[in-house]
1. So which residue, out of HIS102, HIS92, HIS120, gets the largest mean-square fluctuation from a GNM of the chain using Cα contacts under 10 Å as springs?
2. What's the ranking of 130-138, 31-39 by average number of surrounding C-beta atoms within 10 Å, highest first?
3. Sequence gap at least 6, Cα distance under 8 Å: using those rules, report the relative contact order of the stretch 55-144 to the nearest whole percent.
4. Just the accessible area per residue of the chain, please: how many Å² with a 1.4 Å probe?
5. Apply the Karplus parameterisation 6.51 cos²θ - 1.76 cosθ + 1.60, with θ equal to phi minus 60°, to every residue of the stretch 70-84 and state each ³J(HN,Hα) to the nearest whole Hz, in sequence, with x for glycine and proline.
6. Pairs of alpha-carbon atoms within less than 8 angstrom and 6+ residues apart define the contacts here; what relative contact order does the chain have, in percent?
7. Over all directions, the average projected area of the alpha-carbon convex hull for the chain comes to how many nm²?
8. Take PHE77 and ASP93, extend 7 Å from each Cα along the Cα→Cβ direction, and tell me the distance between the two endpoints in nm.
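The values are calculated or read from the model by the stated rules, or taken from the named source; none is laboratory data. If you're wondering where the values come from, they're calculated on a predicted model, not measured in any experiment. Every residue, glycine as well, gets a Cβ built from its backbone with ideal geometry; the counts of neighbours run over all protein chains shown. All accessible areas refer to the heavy atoms of the entire protein, side chains included, with ligands and DNA or RNA removed. Shrake-Rupley method; radii C 1.70, N 1.55, O 1.52, S 1.80 Å.
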Amino acid sequence: MKDAELFTWSDEYTVGIQEVDEQHKTLVGLLNQLHDAIHRKVGRVASREILDRLAEYTTTHFLLEESLMRVAGYPGFTIHKQQHEDLLHEVHDLQRKLDQEHVTITFELLHFLKSWLTQHIIESDKRFGAYLQKKGGLTQYSSWSEEVQAVMKKKRWWKFW
Ligand SMILES: [Fe+2]
């Protein structure tokens, strides 16, 4: 029997930007993989690998969101970017602790990541989604900046995981 998922996707997390929603689902999937790995006690190295993938994907995902915000002239950009940076800082700190202090990934940590993501999507990402919608959606930005296109292209190789 499969163990209960840590994080079950629900439509309430939809921000209305297709690419962002897809990436959020991937993040949720990675969190569930990590949860599953800890549950099955696959060991530090395997869990650490999933955490590293999660960290790397999160970085790419944040870059996409931030690029979209810049292109759309989003007034909440600075605050939003700060939230991203704070989270990445915590994740990098965690990676360092795992390496240097032999700390293990705990369920407590997973719940922290889950609630951070839930809250961030519902409060911050949805606010940006609504802003973009009000501005006419992404179709308004037919000439995406090169920056956004570069981030979007990067997505493909993530599919090889
Ligand atoms: Fe965000």
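1. Checking each option, the largest mean-square fluctuation is seen for HIS102.
2. Highest mean packing first, the order is 31-39, 130-138.
3. About 38 percent, as a whole number.
4. 58
5. Listing the rounded values in order: 5, 4, 8, x, 5, x, x, 3, 4, 5, 5, 4, 4, 4, 4 Hz.
6. Computed value for the chain: 35 percent relative contact order.
7. Quarter of the Cα hull surface area: 10.0 nm².
8. Each label point lies 7 Å from its Cα, and together they span 2.7 nm.
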